[in-house]
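Each remark here refers to the structure printed beneath this line.
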Amino acid sequence: MTKAEIVDLLVEKYGYDVRDLKDDKGNIFNKPVLEDILEKEKSKEVEEVQEVEEKVEETSEEENDIFALNEDAFKPSHVFDDNDLILCMSGVRGNMTFKSQLSGFTVKTTSFGQTVKIPYKDLVYVHNISPRAFHEGNIIVLNEHLQEEFNLGDVYKNVITPNNIQKVLKLDPEDLSKFISDMPSGMKPALYDEARKMYRNGKLDSIRTVEAIEKEFGISLEDNAPISDEVGK
């Protein structure tokens, strides 16, 4: 490498000013001096790369340590204050009472689909002591972040609301049967009530759909009686 090439490399790659490469008389350093400067820069570059690789390796080891404990592992993926109000929906027909022993907060609903706002701290408290109420669809959390925190993703794939309940009952009979089978048990009476109402109003006239509903619920849409002779089976 020529003297001029070394100077160009030091300027373009390592950020030197040409003035930094001159002696007191204003002349460019001789080639051995320039080569020494270049070697030092290359050595420094290698050391920096090694430091980065070591940090990456350390980080990777920390991430792979499944027994590493720190408070970050328990932080939620959202930011809610204890008193933030979370919109929820009643998933049951008739009356439902939500009560938190933590603060004494109590709220009542009287019908399926009725919405209420519940403080975050009380919602978490009740979920911790009674998760079945959430997983069976008695109370539906409408905030997506909390659905994830409470592991309700799979449960909510088969949840009914006032906006979709009639569309659910218009599903293909086979799909409807599977939906009813997989839906949260606490919501099933509300779906049956809507099915019977639509049947009485002539809005549910598919024989196969009626048969699918009656088979899943074991109750006749015509007279609300068990469809099996083996009552209580």
Residue 44 fails exactly one of the following numbered conditions: (1) assigned to a helix (DSSP H, G or I); (2) at pLDDT 95 or above. What is the number of that condition? (2)
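If you check 181, 185, 130, which single one turns out to be small (Gly, Ala, Ser) and either surrounded by 15 or more Cβ atoms within 10 Å (Cβ to Cβ) or under 24 Å from residue 105 (Cβ atoms) (or both)?
On the way: 181 fails: either surrounded by 15 or more Cβ atoms within 10 Å (Cβ to Cβ) or under 24 Å from residue 105 (Cβ atoms) (or both); 185 fails: either surrounded by 15 or more Cβ atoms within 10 Å (Cβ to Cβ) or under 24 Å from residue 105 (Cβ atoms) (or both).
Step by step, each of 181, 185, 130 is checked, and only 130 is small (Gly, Ala, Ser) and either surrounded by 15 or more Cβ atoms within 10 Å (Cβ to Cβ) or under 24 Å from residue 105 (Cβ atoms) (or both).
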Return the residues of region 201-214 that are in a helix (DSSP H, G or I), loosely packed, with under 14 Cβ neighbours inside 10 Å and either under 37 Å from the mean Cα position of the chain (by Cα) or touching a residue at least 12 places away in the same chain (Cβ under 8 Å) (or both); say none if nothing qualifies. 208
Check off (1) over 28 Å from the mean Cα position of the chain (by Cα); (2) surrounded by fewer than 19 Cβ atoms within 10 Å (Cβ to Cβ); (3) outside any helix (DSSP H, G or I); (4) hydrophobic (A, V, I, L, M, F, W, C) for residue 171 and give me the number that stays unchecked. (1)
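The values are calculated or read from the model by the stated rules, or taken from the named source; none is laboratory data. Predicted model only: the values in this text are computed from it and were never measured. Methodologically, a virtual Cβ is constructed for each residue, glycine included, from the backbone with ideal geometry; neighbour enumeration extends over all protein chains shown.
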